[in-house]
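Peer 1: Structure below; questions to follow.
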Amino acid sequence: MYGLFIFLVFVWSMPPGCVESGAAAPPTEAFSSLPRIASIQLSPSGRHLAVLRHYEGKTSLETQTVSGQESHRAVITDDQESVITWFRWVNDERLLVSIQFAATRDTIDSAETRLMAVNRDGTQQTPNLFKQAPFLSIFGKKHFPQMQDRIVGIIPGDSRHVLIALDLERQYSPDVYKVDVYSGERQSVQVNPGLQPGPHTISQWIADRQGHVRAAAGQFQSMVHVIVKQPESSLWRDLAQYDLAKETGLVPLGFDTDPAWLYVRDQHQGKAAIFKVNVVDRSVDRILVAADAKHDLTGELVYAMGRKKVVGVRYSEADERVLFWDFDAQRLQARIDRAISGRVNVIHSSSDDGRLHIVKSSSAAHPPQWSLFDEQDGRMLVLGKSYPDLEGTVLVTSRETFLTARDGKEFSAFLTVPNDRAPREVPLILFPYGGPASYGRDGFNYWTQWCVSRGWAVLAPRFRGAEGYGDEFLRAAFQRWGLEMQDDVTDAVQWAIRSGLASAHRICIVGSGYGGYAALMGVVKTPDLYRCAVSLGGVTDLPQVVSDSRGYLNQKPVAGSRSGSWWSDRERLRDTSPVAHAKEIRTPLLLMHGAMDRTVPVSHGRDMAEALKAANVTTYRYVELPFADQALRREPDRIRVFKELEQFLTSHLD
């Protein structure tokens, strides 16, 4: 069985070249290329594997039997107009694939999703499961839902249908449909109580493990409304209601095997924790299931084989580690950790019988590796590596340190220093968090490892406003962009200089998303600290952020609470906008922005470039990426960004 399997695994992970220890630093493409393996999922029976691969600018979804006797390329795309964001097995023959693309709807730039269905051998491919017929709204207009991949749940014993939320009848008010994954035919199973956007509109639906829709949440303005119903009942009852602008409240997550118990996320001693709530007997006190004294638990629930019993929760989307409360799950994790020591090992998929598991293993100094663990005989087989071109390269671990800001607030920072280099001789890259360069604890970060491979140290501060450190720490950043948040960045740099960890005259600030904003404000407020600066997809105009929020459902009050009022706070917003200070920037600056960025519109980059040009600033370079989104999901965009970085940073730091 395993001989054939190992051969095909080798084909999956075989790099075009290998770098031996002690050789020259790997080329930039070894870091900046999309991971060769993005995900591996087992079919329900455990007989088949599906692998999402990136290679040479293309993405493919490939399947094979675990025995290695049959392989297929089910889907392949060049990532030009759309990208695959996730996939899942419905049964042993059929897969659903989520496709995302940039669009413009009602003059507003948006991101949209469609749902593809395909057999594992590539046959019966339906590029858009809901394209068979136009949808007619209550106003008589054709309406195609913006998001068409919101899986609500599965139906036990039914391998042909899934539950999907779609706003076919009323825009922004999705109902739940039972959908045939072969024909696309649908049957309504739950109507949204909100006939139009308002206090009773539901945006998120949750089915129990028996396949019945029984929990929901919605948001209108800044008010969050959570409802539940008992098994076999049609009556919805209120579970929670709160003002998101003032507090962080209860979030429904999923049901346990017993349909009476709903897992929720809520605050516990200032951190997001996991509770169980009895929705049948409301007199029963809710039960605290899991909490971490230092970090929020904001990730998804983890279910045991067969997806009935809840056994743990992931820390966050970026930090995939699992906090288990189930003894059997803890014991299984311990066996896997003994098989692959010194790394964070995460089960990403399991067969329904619980014998086979797909394990992703990584650490700060180890790119992700994918393996198959056979629980019956304890055998662990390597399936492939996400960054095979880095095989044989000695990477560097990071260490977390804690700093104190000038106002006494404590925050952490990750420091990574090249091996065999004296700190005082090493140039420093300061990476404010945000965008695709964001940090996860104990995780591999290709940005950091690339910088270190070029001989530069990296300091990534997790200053106030960073998610995962509690509600108070998050809200301390509300309406403080460019103020205390920026002071934290400055304090981190000054700490590095005082500690002898950085060469004071060879520091560059590099950021994406919010980090791009922080890089620009850094050279506005403290230009003497930095030799150069890079902003990738950075916010440049805060009044524009608040103004743009009016075009998105429920975003105006959220933007108001986090950033401020377009009118009453207009002077502060302007004063903390880099575009208003273009004439003050003299530090060499690389400004990059993706035209398909739907998080920070490209107008921010264009306006900043125009302002610099109008101010006769000659020390900047503006690069616009015509097909790039904020996450750099296209390999050519990611490689282009790193090529620009290499040329720019080398010229100023070496």
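The values are calculated or read from the model by the stated rules, or taken from the named source; none is laboratory data. In this text, all values refer to a predicted model and were calculated from it rather than measured experimentally. For neighbour counting, all protein chains shown are included, and Cβ atoms are generated from backbone atoms with ideal geometry for every residue, glycine included. Heavy atoms of the whole protein, side chains included, go into the accessibility calculation; ligands, DNA and RNA do not. Shrake-Rupley method; radii C 1.70, N 1.55, O 1.52, S 1.80 Å.
Condition check ((1) under 20 Å from the mean Cα position of the chain (by Cα); (2) farther than 23 Å from PRO636 by Cβ; (3) of a type in the set (Lys, Arg)) across all residues:
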| position | (1), (2), (3) |
| --- | --- |
| VAL75 | no, no, no |
| ASP92 | no, yes, no |
| LEU95 | no, yes, no |
| SER98 | yes, no, no |
| ASP106 | no, yes, no |
| ALA111 | yes, no, no |
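Peer 1: Given (1) closer than 27 Å to SER32 by Cα; (2) modelled with pLDDT under 95; (3) not hydrophobic (A, V, I, L, M, F, W, C); (4) not in a strand (DSSP E or B), identify the lone condition not met by GLU400.
Peer 2: Result: GLU400 passes all but (4).
Peer 1: Please give the number of the condition ALA609 fails out of (1) in contact with a helix residue (DSSP H, G or I) (Cβ under 7 Å, 6 or more places away or on another chain); (2) within 20 Å of LEU649 (Cβ to Cβ); (3) among the aliphatic types (A, V, I, L, M).
Peer 2: (1)
Peer 1: Hey, does the stretch 135-158 have a residue that's open to solvent by less than 20 Å² (accessible area, probe 1.4 Å), modelled with pLDDT of 90 or more, hydrophobic (A, V, I, L, M, F, W, C) and touching a Ser or Thr at 6+ places or on another chain (Cβ under 9 Å)?
Peer 2: Taking every residue of the stretch 135-158 in turn, none turns out to be open to solvent by less than 20 Å² (accessible area, probe 1.4 Å), modelled with pLDDT of 90 or more, hydrophobic (A, V, I, L, M, F, W, C) and touching a Ser or Thr at 6+ places or on another chain (Cβ under 9 Å).
Peer 1: Kindly provide the set of residues from the stretch 476-503 that are in a helix (DSSP H, G or I), in contact (Cβ under 8 Å) with a residue 60 or more places away in the chain, open to solvent by 10 Å² or more (accessible area, probe 1.4 Å) and not aromatic (Phe, Trp, Tyr), ordered by number.
Peer 2: The answer is GLU484, ASP487, ASP491.
Peer 1: Check PRO367 against each of (1) in a strand (DSSP E or B); (2) open to solvent by 40 Å² or more (accessible area, probe 1.4 Å) and name the one condition it does not meet.
Peer 2: (2)
Peer 1: Could I ask something else about it? Which is touching a residue at least 40 places away in the same chain (Cβ under 8 Å), over 22 Å from the mean Cα position of the chain (by Cα) and on the phi < 0 side of the Ramachandran plot, of ALA304, ALA290?
Peer 2: ALA304
Peer 1: Please count how many residues of the stretch 513-539 are within 23 Å of the chain's Cα centre (by Cα), part of a loop (DSSP other than H, G, I, E, B) and at pLDDT 95 or above. Can you show your working first?
Peer 2: Of the residues in the stretch 513-539, the ones within 23 Å of the chain's Cα centre (by Cα) are 513-519, 534-539.
So of that shortlist, the ones also part of a loop (DSSP other than H, G, I, E, B) come out as 513, 537-539.
Subsequent filtering for residues that are at pLDDT 95 or above retains 537-539.
Residues in the stretch 513-539 being within 23 Å of the chain's Cα centre (by Cα), part of a loop (DSSP other than H, G, I, E, B) and at pLDDT 95 or above: 3 in total.
Peer 1: Residues that are modelled with pLDDT of 95 or more and either touching a strand residue (DSSP E or B) at 6+ places or on another chain (Cβ under 7 Å) or within 18 Å of TYR514 (Cβ to Cβ) (or both): find the helices (runs of 4 or more DSSP H) completely inside the stretch 548-622 holding 3 or more of those.
Peer 2: Details: elements: 555-562, 570-575, 603-614.
Hits in the stretch 548-622: 603-614.
Peer 1: Now for a separate question. Among the listed residues LYS385, LYS409, which satisfies the condition of being open to solvent by 20 Å² or more (accessible area, probe 1.4 Å) and either in contact with a Phe, Trp or Tyr (Cβ under 6 Å, 6 or more places away or on another chain) or within 20 Å of ASP337 (Cβ to Cβ) (or both)?
Peer 2: Details: LYS409 fails: either in contact with a Phe, Trp or Tyr (Cβ under 6 Å, 6 or more places away or on another chain) or within 20 Å of ASP337 (Cβ to Cβ) (or both).
Unique residue meeting the criteria: LYS385.
Peer 1: May I pose another question? Given the criterion modelled with pLDDT under 95 and touching a strand residue (DSSP E or B) at 6+ places or on another chain (Cβ under 6 Å), identify the matching residue among GLY198, GLY194, GLY254. Don't jump to the end; show me each part of the working.
Peer 2: Working: GLY194 fails: touching a strand residue (DSSP E or B) at 6+ places or on another chain (Cβ under 6 Å); GLY254 fails: modelled with pLDDT under 95.
So the residue among GLY198, GLY194, GLY254 that is modelled with pLDDT under 95 and touching a strand residue (DSSP E or B) at 6+ places or on another chain (Cβ under 6 Å) is GLY198.
Peer 1: Going by the structure shown, is GLY184 under 17 Å from ASN128 (Cβ atoms), outside any strand (DSSP E or B) and open to solvent by less than 30 Å² (accessible area, probe 1.4 Å)? Walk me through how you get there before you give the answer.
Peer 2: On the way: under 17 Å from ASN128 (Cβ atoms): yes; outside any strand (DSSP E or B): yes; open to solvent by less than 30 Å² (accessible area, probe 1.4 Å): yes.
Considered against the rule, which asks whether it is under 17 Å from ASN128 (Cβ atoms), outside any strand (DSSP E or B) and open to solvent by less than 30 Å² (accessible area, probe 1.4 Å), GLY184 comes out as yes.
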